[in-house]
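Encoded as structure tokens, the structure appears first; notes follow it.
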Amino acid sequence: MPRKRVTIGDVAARAGVSKSAVSFVFNDRPGVSAAAKERILAAAADLGWQPSARARALSRSRTQAVGLVIRREPELLSTDPFFPQFMAGVEIGLTARDYSLVLHVVPDEKTERAAYERFARESRVDGVFLTDVRVGDSRPREIAALGLDLVVIAPEGADAGGDVVISMDDGAGVRRAVHHLHSLGHHRIAHVMGAPGYVHTEARRRAWQETLAELGLPIGPVVTADFTGAGGARATHELLDLPQPPSAILYGNDLMAIAGISAATDRGIRVPEDLSVVGFDDVPLAPYVVPPLTTVRQNVVSWGTAAAQTLVALVERKQAPTVQLPPVEFVVRGSTGPTRNRRPA
């Protein structure tokens, strides 16, 4: 005979309480004494019973799901190291609370707005993450008007209109990179920035510019790219064609930096003997390119986990956890070196 499935009624009977009391305990609601709670948990453990995620969602009038809408071209998304790591961290944070992630990849602003409206209209998610924050972004206000809880993922200091922001200090890594290059004797330090309009693109460019000014160095040339390898190679050729080309280039991400090394090498320029190169992200490939890439490292997985824990707390109307993310690190490898006839300070 098949074994009878254990129900919430079995747990209530063994603990000597009502089914409502069992539901209250497993949905973290007040109103059950400590002694009764202990009996309920012991009875559930003895019987091997756990509430289903669907039942918990129904009892809470929630979907047990949160959303992430990414507006990127598919080919760019496939090469961006940020989102796979971020979503891995999100899944770590959500799984512990029996929540799931609903992901939409959309091509433009219109379809992105429609995705948020569908989330709200069909009650598909309880809250959303907002990434790729833009300068003057209106999305936080629009999402709040739809009644969705919101956590914004943005660099430190980003203005999200009072919404909950989980941030890292992008600028700290850039500042350390510029100081490192200056200590090696570099005075002409260029920057290849990512797609314009994004808050993180502007934050990295601003940190580069301000640090050069603090060190009394000329504000080197800056070229706008798009975070792709092709964009990084094109920008590198543009900088190396200048009458006074830079002796060092700081890139907005590792993908552009690796492409920049290849572009320079094709022109007979040696890295780091003739040109120092710094990336941003510390992708898994960074230590294995030739030469190994000096770069800025962020713990993106921890960032995603903290964002997930915070969003779930907002949805459940609980105190948000204290977020203490690992600091940004600067990783020195073989793609940076002293300028000619200059020993590092």
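Descriptive notes on the structure:
- Restricting the search to strands (runs of 3 or more DSSP E) fully inside the stretch 118-185 and requiring at least 1 residues that are modelled with pLDDT under 90 gives 149-155, 164-168.
- Residues satisfying the stated conditions in the stretch 231-270, i.e. surrounded by fewer than 24 Cβ atoms within 10 Å (Cβ to Cβ), touching a residue at least 12 places away in the same chain (Cβ under 8 Å) and closer than 24 Å to L217 by Cα: H237, E238, L239, L240, L242, Q244, P245, P246, S247, A264, I269
- Any chance S302 is crowded, with 22+ Cβ neighbours inside 10 Å and touching a residue at least 24 places away in the same chain (Cβ under 8 Å): no
- Among the residues of the stretch 245-255, none qualifies, meaning not one is in a strand (DSSP E or B), in contact with an Asp or Glu (Cβ under 9 Å, 6 or more places away or on another chain) and within 26 Å of I92 (Cα to Cα).
- The set of residues in the stretch 116-140 that are of a type outside the set (D, E) and under 21 Å from L94 (Cα atoms) comprises Y116, F119, A120, S123, R124, V125, G127, V128, F129, L130, T131.
- The residue list G268, G279 contains one member that is outside the structural domain of S100 (by TED's automatic domain parsing) and in contact with a helix residue (DSSP H, G or I) (Cβ under 6 Å, 6 or more places away or on another chain), which is G279.
- Among the residues of the stretch 274-305, just one is more than 30 Å from V323 (Cα to Cα) and touching a Phe, Trp or Tyr at 6+ places or on another chain (Cβ under 9 Å), namely V277.
The values are calculated or read from the model by the stated rules, or taken from the named source; none is laboratory data. Being a predicted model, the structure only gives us computed values, none of them experimental. Backbone-built Cβ (ideal geometry, glycine too); neighbour counts: all protein chains shown.
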